[in-house]
1. Are any residues in segment 484-540 β-branched (V, I, T) and under 17 Å from L748 (Cα atoms), and if so, which ones?
2. Suppose the filter is over 25 Å from the mean Cα position of the chain (by Cα), modelled with pLDDT of 80 or more, outside any helix (DSSP H, G or I) and crowded, with 21+ Cβ neighbours inside 10 Å; does V399 pass it?
3. Would segment 667-686 turn up any residue that is touching a residue at least 12 places away in the same chain (Cβ under 8 Å), out of contact with any strand residue (DSSP E or B) (no Cβ under 9 Å at 6 or more places or on another chain), exposed (fewer than 15 other Cβ atoms within 10 Å of the Cβ) and among the small types (G, A, S)?
4. Take segment 555-570 and flag every residue that is touching a helix residue (DSSP H, G or I) at 6+ places or on another chain (Cβ under 6 Å) and closer than 19 Å to N599 by Cα.
5. Of everything in segment 574-583, what is touching a residue at least 40 places away in the same chain (Cβ under 8 Å) and either of a type outside the set (A, V, I, L, M, F, W, C) or outside any loop (DSSP other than H, G, I, E, B) (or both)? Give them in sequence order.
6. Could you tell me whether A568 is over 21 Å from P377 (Cα atoms) and either in contact (Cβ under 8 Å) with a residue 12 or more places away in the chain or under 40 Å from the mean Cα position of the chain (by Cα) (or both)?
7. Condition check: without any contact (Cβ under 8 Å) to a residue 40 or more places away in the chain, in a loop (DSSP other than H, G, I, E, B) and surrounded by fewer than 17 Cβ atoms within 10 Å (Cβ to Cβ). Does R456 satisfy that?
Amino acid sequence: MATSLSAGALSAGPAAARAAACAHCALPVPEGFLEPAAPRQFCCSGCRTAWSIIHEHGLEDYYAFAERREGPVLASGRSFEEFDHDAFHALYVRPVTGGLVECDLYLERVHCASCVWLVEKVPLAIPGVLRADLDVGRALAHLVWDPAKTPLSRIARFLDELGYPPHPYRGGKADTLRRAEDRAALVRIGIAGAIAANVMMIALAIYAGWFGGMDPQFQRYFRWWSFLLTTPAVLWPGRVFFVSAWGAIRHRALHMDVPIALAIGVGYGRGAWNTVRDAGPIYFDGVATLIFLLLVGRFLQQRAQRAAADSAELLFSLAPSTARVVEGDDVHDVPTQAVLPGALLDVRAGDTLAADGVVTSGASSMDLSLLTGESRPVAVAVGASVFAGTVNLGAPLRVRVTVAGEQSRLGRILKDVEESARRRAPVVRVADRMAGGFIAVVVGLAAVTFALWLRRDSTAAVDNAIAMLVVTCPCALALATPLAITVAIGRAARQGILVKGGDALEHLARPGRLILDKTGTLTEGRMALVAWDGADSVRALVLALERHSRHPVAAAFARAWDADAPVANDVREVIGGGIAGTVGGRHVVVGSAAFVAANGAHGVTAPRFAAPLDDALTPVFVAVDGAVVARAGLGDPLRAGTRAAIDAMRADGWHVSILSGDDPRVVAATARALGIPESAFRGGATPEEKRAVVEAASREGPVVMVGDGVNDAAAIAAATVGIGVRGGAEACLAAADVFLARAGLAPLLELQTGARRTMRLIRVGIGFSLFYNLVAASLAIAGVMDPLIAAILMPLSSLTVVLAAWHGRTFTGATS
């Protein structure tokens, strides 16, 4: 029915398409859906339902938006009863005041202002819903409702009927905590910035009085106001540096907050003492500016290093959120977390399996690529073991659950990911490695300054020693790394390279060992037609049959040949064998050699087809009326530019190898095509073996692992730097330090080049800050570091580092 309907729709001429437009989405109405007597036309039942809902609730203003949905409403038609299950509420729903609850849902097909307007009108349409806020950038809807008046399933059905199918989002609690942390940090920055601006204005008045003269009474007034304004900046926003420094001292692990806290503390203390005695320099302008700039740098650094996903959420983002459980003659949707061993699952074609189990009825083929790396579908029948996270490609199955949740094979792999992430030692920043020596040098120079000036003037000795501690505060040194990394990460993101932290850039700046997965990383990750030996006229016959199949082989033929096909009758598909039927009165068979021969065809071993295909290709034969007339070679082709990228990385000094779960013969053929020696590739590796190989290699030096599947996730987490590629599984991407949003290995080359440039820029910034500190220390020892010079040099040094980071060439798209 679907095929004939589609053909009928396509046969509708241009005049029919122009004559009627859908009242909801404005697309042409197919001829089969036209209702001549109706006042309005709809292209599908989904648009009809959405139009009715919108008008029923008085939301007609939606159609006034110039930009709105340009496609039919594809509602799933689900009941969403699992959204009311206790297990679902325990994971995704949070209580708020007054008996209300809140939840965050991902919405599909959100793209413009009209979507925001429509979703945020949910409270007007459903009683009991108080708020519906939509973050269009993340397609995340925040709902607040009264569960006593309306269930969540009703809200979900309403959104689905409007064309925005909802999915649970479990990161709501973490997001709430992060938002609270960000708000607190921004409040500290705002207060510190306001105080610094006012103190600097007062300082300018004091400095102006040095040249034009100022009444001592006004000088005293300005000094006291500087003291009163700086005090809250030190005690509240600046408190974070003292707390961090005290923790470092207690644990005997010095870092840059120790000299920063020392400079702020002695500067503020000496300024307060000089204010009380009304003599000597005050450093309040420098102290207030330091606190503000350092808080900004810390905030940027934390934002840049925040992970894109939380490892604790991997299982729930990878496995489906619901499963169909069979109970007697009924099938119910329940949350995955409620699936227990012994349950019977109904797994339809296209479904992702929610738990490990054994097939009890049906036969199909499974896509294991994300879990094992196997690029070819695997046939399963009654008695076969199947695993969570794999996709049913063919016919419906009934599966008896043996292991669920964290004990499934998928769950165990993800546990390995979390354990590896916890064991991975944090990279110590260059500036922090210098902290101990820096403190010793600064304190030593301050002591020397004090000793040199003590014989001349004890007051000047104290002021000059304190000036040494204040002006050599490593503000520029502390800002050099986070600012350069933040700017580099931002520019990389604009090129489709998402870096979670600066430690990855530090390791990628130096050549080492690079381990590449095959399926989806070096190759396209999907079956494609690579070779064809047959007449062009046979293609239409093949397409006629394959349009009745959901198998990856059928999809490969459809992508390769964009042509019209005749109607096929009496189509019969055998899982793991092939497909047969009648096309235009001719008997056509497409499949493996054994399947074609079993259907009475001859010629499989004819000399024309005797030459073997490449080991990476799967042969598919075509027989017409009992004779084999064509042979196709299907496989997972290499991505464009892969060989050139690998050659360039080798030239840069990287040792490149392949570690794959695919068939060893397929991996060997891929390695030969890329010029990789036999000693540098391995096929048939399980996820556990991949992790062991990476851990063993990591003991010899830094290792970079690049992959895209769940089978790569544990190895990626165990590597020094893990890189996930476009189209990869959520587990792989969450475990990775870097995500390449563009296909191919060209972004990897850009990443390595950008990392080298970033580290070079950081070294320049650190070198400049050390040079500045040397000059400032020399002036302090000489006794010419008065507050005016300090006030000029301190922000100037920080500003120079900021400008250098902003204008530095890091990720510019070049590969040199």
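The values are calculated or read from the model by the stated rules, or taken from the named source; none is laboratory data. Quick caveat, the model's predicted, so the values are computed rather than measured. Neighbour counts run over all protein chains shown; Cβ positions are idealised from the backbone, glycine included. Keep in mind that these areas ignore ligands, DNA and RNA; they rest on the heavy atoms of the full protein, side chains included. Shrake-Rupley method; radii C 1.70, N 1.55, O 1.52, S 1.80 Å.
1. Restricting attention to segment 484-540, the residues satisfying the condition of being β-branched (V, I, T) are 485-487, 489, 497, 499, 515, 519, 521, 523, 530, 538.
Within segment 484-540, I489, I497, V499, I515, T519, T521, T523 qualify.
2. Working: over 25 Å from the mean Cα position of the chain (by Cα): yes; modelled with pLDDT of 80 or more: yes; outside any helix (DSSP H, G or I): yes; crowded, with 21+ Cβ neighbours inside 10 Å: yes.
Here the answer is yes, as V399 does meet what is asked.
3. Within segment 667-686, one or more residues are touching a residue at least 12 places away in the same chain (Cβ under 8 Å), out of contact with any strand residue (DSSP E or B) (no Cβ under 9 Å at 6 or more places or on another chain), exposed (fewer than 15 other Cβ atoms within 10 Å of the Cβ) and among the small types (G, A, S).
4. A568
5. In the first step, residues of segment 574-583 are kept if they are touching a residue at least 40 places away in the same chain (Cβ under 8 Å); the result is 575-576, 578, 583.
Passing the criteria: G576, G578, V583.
6. On the way: over 21 Å from P377 (Cα atoms): yes; either in contact (Cβ under 8 Å) with a residue 12 or more places away in the chain or under 40 Å from the mean Cα position of the chain (by Cα) (or both): yes.
Answer is yes for this residue.
7. Working: without any contact (Cβ under 8 Å) to a residue 40 or more places away in the chain: yes; in a loop (DSSP other than H, G, I, E, B): yes; surrounded by fewer than 17 Cβ atoms within 10 Å (Cβ to Cβ): yes.
It is true that R456 is without any contact (Cβ under 8 Å) to a residue 40 or more places away in the chain, in a loop (DSSP other than H, G, I, E, B) and surrounded by fewer than 17 Cβ atoms within 10 Å (Cβ to Cβ).
Table: residues versus (1) closer than 17 Å to P377 by Cβ; (2) of a type outside the set (A, V, I, L, M).
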{"site": "D503", "(1), (2)": "no, yes"}
{"site": "K518", "(1), (2)": "yes, yes"}
{"site": "T521", "(1), (2)": "no, yes"}
{"site": "V538", "(1), (2)": "no, no"}
{"site": "R547", "(1), (2)": "no, yes"}
{"site": "A555", "(1), (2)": "yes, no"}
{"site": "A558", "(1), (2)": "yes, no"}
